[in-house]
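Here the structure is laid out as structure tokens; the discussion comes afterwards.
The values are calculated or read from the model by the stated rules, or taken from the named source; none is laboratory data. As the structure is a prediction and not an experimental result, all values here were calculated from the model. No Cβ is skipped: glycine too gets one built from the backbone with ideal geometry, and neighbour counts run over all protein chains shown. Only protein heavy atoms, including side chains, enter the accessible area calculation; ligands, DNA and RNA are left aside. Shrake-Rupley method; radii C 1.70, N 1.55, O 1.52, S 1.80 Å.
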Amino acid sequence: MTVLTAHSTGCLADASEDDGELSVGIIGYSEPSIYTGGERSDNLLPYLAWESDNWFFRDYTLGSYLAGGDSWYLSAALGYDVFGDVNRGDSPQLKDMKELDPVYSAGVSAGLFGSLGYLSLSYWQDISDNHRGGSTVLSYSLPVEAHRWTIEPHLSVTYAGSQAARYYLGVEADEARAGRPEYRPDQAYHYRAGINVSRLFGRSHRVLFDLSHRRFSDEIEDSPIVDRNTTWAVSAGYVYEF
């Protein structure tokens, strides 16, 4: 979820100055499914971000910093797969396809942060033995603070190799039907751009809002189980910072 990621990047600089921090809250999120007949994803989710010494929990991943300095870090983490939707938007038209299992991944990330923004590169490998593939994420954000407001434009590109792309977008021979031919993509990308806005009230109360746009590569758009090439997502929430 974009609002979680954008809010969490601001914690990196503070991490080197604080012994620990904890934030809890609730986030509402809405984005249409890319799948044929898929339902819009409207969720209300708990928010938890924790950081202490070299350990952290954010964006539903648990990790540890392996090395770092005043403006860089190297970390490893465990979390959910970063690329696709195992539920295919709960589409009734795709219920006859093989049911996908949740994918858990191990990742390693390297990042730079400073006055020019936050740049990170991460690689995530399936460790749940489902698609056995990997995904790479390159992201950049630039938070600007004014009084008690933080405005943070963000950009990212996510790449999935053939195994991950086929798991989420492919159609095997035994799943092919009229209007749904066999499909085995070699790779896939999606690009995201958006803006996150938050305001701090008092010392601990923060309200967040994020608007983002995703565009999908031809390999995704060409899948016979996908019926759109772009989406708009909106999320908003409240966080209490201890």
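Residues of region 122-180 that are charged (D, E, K, R) and over 30 Å from Arg206 (Cβ atoms): Asp126, Asp129, Arg132, Arg166, Glu172, Asp174, Glu175, Arg177, Arg180.
Taking the listed residues Arg203, Arg166, Arg199, the one that is in contact with a Lys or Arg (Cβ under 8 Å, 6 or more places away or on another chain) and closer than 30 Å to Glu21 by Cβ is Arg199, with no other qualifying.
Residue by residue, here is whether (1) more than 24 Å from Ser33 (Cα to Cα); (2) surrounded by 20 or more Cβ atoms within 10 Å (Cβ to Cβ); (3) touching a residue at least 24 places away in the same chain (Cβ under 8 Å) holds:
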| residue | (1), (2), (3) |
| --- | --- |
| Trp149 | yes, no, yes |
| Arg166 | no, yes, yes |
| Tyr183 | no, no, yes |
| Ala188 | no, yes, yes |
| Leu200 | yes, no, yes |
| Thr230 | no, no, no |
| Phe242 | yes, no, yes |
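Scanning region 202-228 for residues that are farther than 21 Å from Ala160 by Cα, open to solvent by 10 Å² or more (accessible area, probe 1.4 Å) and not aliphatic (A, V, I, L, M) yields Gly202, Arg203, Ser204, His205, Arg206, Phe209. Residue-level check: of (1) of a type outside the set (A, V, I, L, M, F, W, C); (2) in contact with a strand residue (DSSP E or B) (Cβ under 8 Å, 6 or more places away or on another chain); (3) in contact (Cβ under 8 Å) with a residue 40 or more places away in the chain; (4) in a loop (DSSP other than H, G, I, E, B), Ser128 misses just (3). Against the numbered list (1) over 30 Å from Glu175 (Cβ atoms); (2) outside any loop (DSSP other than H, G, I, E, B); (3) not basic (Lys, Arg), Gly107 comes up short only at (1).
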